Amino acid sequence: MIEETTEKAGPTGGNLRAALLNRSPVLTAYRLSFVANAFAARLFDRMEAESSVTHTQFIVMLCLWVRDDTTAQEIAEATQRPKNNLSRAVRALEAKGLIERRRDPVDQRRQPMGLSPQGSIVFRRLESLAAEQEASMLAPLTAKERETLTGLLMRIAATY
């Protein structure tokens with residue numbers, strides 16, 4: 001559990017973060033959210049400062065890195081992110097020259113996308129930042145604990 005400190009967090013006193021992490025009625029969900037948000041905020045602030053790629057733009061680039069010739073619709077379904085946010089991210093990435101839209105020769109309505117050569121270079125740099133941030137986040141865990149955490153998160157993710 002997170003240790004409470006004597007610092008005041010408002011009229012009720014105590015450390016609000018510790019109280020939420022230790023006594024929240026949705027402990028596991030809140031803890032997962034807290035860790036993910038803390039990790040993501042630091043990572044995406046750094047990414048945007050260093051490359052002007054936003055959180056949603058990085059998600060698009062990640063999907064295109066994993067599978068070339070992916071559509072915005074497929075990204076929306078895979079990530080459960082709002083389509084309007086993805087559309088803005090796709091347009092911005094295209095304007096920056098980081099992704100390229102293509103026409104599907106079989107279905108002219110389908111517009112698959114891929115990373116441009118410059119987009120691949122930028123993505124590799126951002127992936128390095130993410131790996132560095134993740135190593136810092138997981139530093140308190142042993143290698144076995146990291147392996148267990150990954151396995152548990154994959155099991156949970158498979159249910160959604």
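See the values below:
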| item | result |
| --- | --- |
| Helix runs (DSSP H) in the chain reaching 15 Å along axis by Cα, Kyte-Doolittle at least -0.5 | 27-51, 55-66, 117-138, 143-157 |
| Over the stretch 55-105: Kirkwood hydrodynamic radius from C-alpha pairwise inverse distances, Å | 10.9 |
| ASP104, ASP45, ASP69, reordered so the largest accessible area comes first (probe 1.4 Å) | ASP45, ASP69, ASP104 |
| Surface per residue (accessible, 1.4 Å probe) for the stretch 19-159, Å² | 63 |
| Protein accessible area in the chain, 1.4 Å probe - carbon and sulfur % | 56 |
| In nm, spacing of pseudo-spin labels at VAL26 and LYS96 (7 Å Cα→C-beta vector) | 3.1 |
| Filtered trypsin sites (Lys or Arg not before Pro), the stretch 41-105: DSSP coil and at most 11 other beta carbons within 10 Å | ARG103 |
| For the stretch 14-81, convex hull of alpha carbons as volume per residue, Å³ | 104 |
| Cα pair distances in the chain, grouped into 5 Å bins until the bin that holds the longest one, percent each | 1, 8, 13, 16, 17, 14, 11, 9, 6, 3, 1, 1, 0, 0 |
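The values are calculated or read from the model by the stated rules, or taken from the named source; none is laboratory data. What you see is a predicted model, and the numbers here were worked out from it, not measured in a lab. Note: ideal-geometry Cβ built from the backbone for every residue, glycine included; neighbour counts use all protein chains shown. The protein model used for the area step is the full one, side chains on, heavy atoms only, and it has no ligands, DNA or RNA in it. Shrake-Rupley method; radii C 1.70, N 1.55, O 1.52, S 1.80 Å.
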